[in-house]
Each structure stands twice: as structure tokens, then as C-alpha cells.
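As C-alpha cells, the structure follows; a few thoughts come after it.
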Amino acid sequence: MQTSANAHNHVERRTQIPTVVQHRHVHLSRADQDALFGAGVELTPMRTIGQRGQIVYEETVTVVGKHGAIEHVRIIGPARERTQLEVSATEAFALGINAPLRVSGDLGRSAPCRLRGPAGEVRLSSGTIIPARHLHCDDATAQHLGVAHQQVVTVTIPGRDGWRIEHVTVRVHPTYRLEFHITTDEAAQWWLDSGDAVVLE
């Protein structure tokens, strides 16, 4: 028989978490932005995205690897200390980039690439990753769900018995909203679209 506390925890962990399918994108440092678009040039905001303070810009870059290139890669701001390119495993293979699976921001021993913009080119010695699937939430929501920053959890897909997605890293920050992020490859594997719900196991 469930205790009241256990029953409460079960209800909280059945909270529906919206999925966000992550498409390829790049976060630029200010120095690399200047090299690609011109010194002092400000990018044009197109729209905000789910995580507070994050902006998608109208301008794009071309990513160049050993085996090919991908044009029109979106830039997400604001500027970061280091440039970070996020692609799916399929895209990394097509480009000829040996990108590791990493949590965003963990760029140690990440892969090199080239970026082209209208004003120039940047050769990155590192910075390319395949983003590990992860769950965003703020502190209050993390407490509500009973999870902690960098905890690894499993989520399930309501209505699909036995469909478990393991090794999901929890990321907690005051500016985050509750979302489950996966790459396009993973979304295809589990037949998920942006807006579909998952729940904590």
C-alpha cells in the first residue's frame, strides 16, 4: 500500500513534460561573431525560444567539415564565452566531423570544424558536439519533481507501453523552463515531435 508521501511523489513524477526536438544550431562567441559578420555588427532577432533569454537570429552560418558542408545553420544567442556547434549524429557523420556526445557547455576534447559567414571564416579547434538528451527545469520545478542538477533519469512516453528513454541528464537553472530536449535523430527513433509529452519514470 502506498503511503501518502509516496502517492504524492508518484503524482508529481507523472507531470507531463513537453518535448523539444533540437535542430542543428550554433552559439557564437563575440569574437567569432565579429569574424563571421563584421566587427561590431549586431545580429537580427527573429524570435525567442522556450528558455528565457535565448534568441534565434535571422542570420545563419555555413558549417564545413571534411566531407561536406551544411548551409543555413541557425544562430542562438546571446553570445557565449566559447563558440559551440550542436549537430545530430547523422549530420556529424555527413560532415565528416567526429563529434562527441556531450552535455551543452562540456567542450573538452570536442571536435573541430569551420564556420563561414558573409564577412569571413572561423576555424574552430574544438567546440562541435552532439548534444546529450536532457531535461531543463528551474529550482522550484526540480524540487516539485524530486530531481537534482546533473542527476540522470529515465522518462517514458504516455500511451506507449515499454517506451523508455534512459540516460537523460537533468539541468537545473533559475532561467530554465520545464522541457525535454532531444536531437532530430532521437526524435525519429522514438517517433516524437516537439510538443509531445514525456513523464519521469
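Rule-based calculations on the coordinates, nothing more; no lab input. Keep in mind it's a predicted model, so treat the numbers as computed, not measured. Heads up, the Cβs are rebuilt from the backbone with ideal geometry, glycines too, and the neighbour counts pull from every protein chain shown.
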Taking θ = phi - 60°, what integer Hz values does the Karplus form 6.51 cos²θ - 1.76 cosθ + 1.60 yield along the stretch 131-136, in sequence order, with x for Gly and Pro?
x, 5, 4, 7, 10, 8
Counting Lys and Arg as +1 and Asp and Glu as -1 over every other residue whose Cβ sits under 14 Å from the Cβ of Asp138, the net charge comes to +1
Whole-angstrom gap from the stretch 52-111 to the stretch 146-201, using each part's C-alpha centre:
21 Å
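Under 8 Å for C-alpha pairs, at least 6 residues apart: give me the relative contact order for the chain, rounded to a whole percent.
Here the relative contact order equals 27 percent.
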Fewest first, what order do Phe93, Phe180 take by the number of other Cβ atoms within 10 Å?
Phe93, Phe180
Positive dipole terminus of the stretch 77-168, leading residue within Trp163, Ala111, Pro131 (C-beta point charges):
Ala111
Assigning unit charges at the beta carbon (Lys, Arg +1; Asp, Glu -1) and nothing else, what dipole magnitude in debye, to the nearest 20, does the chain show about its Cα centre?
300 debye
Fraction of beta bridges assigned by DSSP in the stretch 22-131 that are antiparallel (%, nearest 5):
75 percent
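Fewest first, what order do Asp138, Asp32 take by the number of other Cβ atoms within 10 Å?
Asp138, Asp32
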Estimated translational D of the chain in µm²/s (Stokes, Kirkwood radius over Cα pairs; 10 °C; 1.306 mPa s)
88 µm²/s
Trp190: net charge of surrounding residues, Cβ under 11 Å, Lys/Arg +1, Asp/Glu -1, itself excluded?
-1
Over all alpha-carbon pairs of the stretch 48-158, lay out the pair-distance distribution in 5 Å bins, whole %, shortest bin first.
2, 10, 17, 21, 19, 14, 9, 6, 2, 0
Using only the Cα atoms of the stretch 114-201, what semi-axes does the equivalent ellipsoid have when each is the square root of 5 times a gyration tensor eigenvalue? Give whole Å, largest first.
29, 18, 11
